[in-house]
Amino acid sequence: MDPRSAAKITEASPRRSPWLTILLVYVGGVVGAMSLGKFSSVGPAMAAQLGLSLPELGWVISAVVGVGAVVGLPAGYLVRRFGTGRSLVTGLVLIAAAGAASMAANDFGWLLVARGVEGVGYVLVTISCPALILRLAHERDRGTALSVWATFVPVGLGASTLAGGAAGDALGWRGWTGLIAGLTLLVAAVTWARLPRGGAAQAAGPVPRARALTWPGVLAAAFCLTALVTIPVIVLLPTLLIEQYGRSAAAAGALTSVISLLGVAGGLAVGVLLRRGVRVGVLALSGFLVVPAAWILYAGGSAGGALTGAGVISMENGFLGALVFAALPLILERLDHADVGNGVIAQAGSLGSLLGPPLFGLVAGELGYRALIPVIAVGIVAAVGALLLIGRRAARPLPSAD
């Protein structure tokens, strides 16, 4: 073959995305999510040993999300200043260091401070990872890569829940915490060695003006509302199964773990559909399935019906979350605004995750589970409406990073 012809074919062929590096970034997010949920399975043993009350245990578990609800946007600017690669490694190191410090905790205050530091690291990871994936993946692969990224929380929490029970029994809660810290530090070292030292992993250009964050703000509002009305469904599902349908705590926990993992299937489905050319607005319409699913869940029919409704809501949680991450590059003025854009989304998602469970608990406690149906309906209709606006905005060519 003529060398000049071969060169032309090479230039015409689309470049391949560095999937191994993208996978490593994804693993960083999964390890961060494992740390987020590491106390779920060992919480009772830890509370008994340290003398923690149930509210104190709740604060320890949710402190990481609380930090994200406060510092998400500022952290986005910080990631932009220091670069996505360095920010990811720094976040993982902070998580590992805070986890190691938690091993020495003897009271609530020490543990809460360590979790606060861990929360800062977690926010850095959740902002830098999708921004880094966006810059690493080539245009045709961005939707798929970001949709896969959106599954990091259910995968990490599922892995932490499954491994934490056995490891906690064998090593104790301190040993389990140390194991997670060591794993996180190992991933940080491998990530530092593997990430490119220039280009995608480094700091971006000029800081985006406030107007450039208008559409990311709309997308973040959709994400906040989605988290607000879907995540509490999973959080409160064990209580519902125990109180309304007489399931044992062990059975309710196992069923909830399976239901929560359906969000992974929802997230992966977004990547497949986007790759086939389905538009964001069309995909957003699937969110309306949450309304009848909420009715089936809380109408008081049967345990099977409740599990079916919860399964649909869990899948839609993963589906709509993945759609948010995949839609972000379609509405940015410049692709190098992704770090700050992800900061807005991270803060909004954390806020919805933090406020949703107490809101649902208050409504269900005062008015019963059926009263949650209109709450879910209003929230999801508003979220889908915002995503439909995003879909109209996204119906244009992708921006560039130049």
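The values are calculated or read from the model by the stated rules, or taken from the named source; none is laboratory data. What you see is a predicted model, and the numbers here were worked out from it, not measured in a lab. Neighbour counts run over all protein chains shown; Cβ positions are idealised from the backbone, glycine included. SASA here: full protein model, heavy atoms, side chains in, ligands and nucleic acids out. Shrake-Rupley method; radii C 1.70, N 1.55, O 1.52, S 1.80 Å.
Applying 1/(1 + (r/R0)^6) with R0 = 51 Å to the Cβ-Cβ distance of R392 and A159 gives a FRET efficiency near 0.85.
Simple point charges give the picture: +1 on the Cβ of Lys and Arg, -1 on the Cβ of Asp and Glu, and for the chain a dipole about the Cα centre of about 1240 debye.
Classify the stretch 264-402 as rounded, prolate or oblate from the Cα gyration tensor: take a ≥ b ≥ c as the square roots of its eigenvalues, call it rounded if a/c is under 1.5, otherwise prolate when a/b beats b/c and oblate if not. Prolate.
Need one word for the stretch 261-304: rounded, prolate or oblate. Basis is the Cα gyration tensor (sqrt eigenvalues a ≥ b ≥ c); a/c below 1.5 gives rounded, then a/b vs b/c decides. Note, shape of the stretch 261-304 comes out oblate.
Length gain on complete extension for the stretch V235 to S302, per 0.36 nm per residue less the alpha carbon to alpha carbon distance?
22.2 nm
Label sites at L23 and T214, each approximated as a point 7 angstrom past Cα along Cα to Cβ, lie 4.2 nm apart.
Show me the helices of the chain, taken as full DSSP H stretches, that run 18 Å or more along their long axis by Cα and average -1.0 or above in Kyte-Doolittle hydropathy. Span-like helices here: 19-36, 54-82, 84-102, 108-136, 152-194, 214-245, 249-275, 303-331, 338-367, 372-394. If you plug the beta carbon distance of A45 and L367 into 1/(1 + (r/R0)^6) with R0 = 25 Å, you get a FRET efficiency near 0.10. For the peptides 138-145, 251-258, the ranking by mean Cβ contacts within 10 Å, running from highest to lowest, is 138-145, 251-258.
Taking all protein chains as present, what is the carbon and sulfur share of the accessible area of the chain, in % to the nearest whole number, probe 1.4 Å?
Working: 11610 of 16940 Å².
Carbon and sulfur together cover 69 percent of it.
For E139 and R81, the FRET efficiency from 1/(1 + (r/R0)^6), where r spans their Cβ atoms and R0 equals 30 Å, is about 0.70.
Computed with a 1.4 Å probe over protein heavy atoms only, the accessible surface of the stretch 83-201 comes to 36 Å² per residue.
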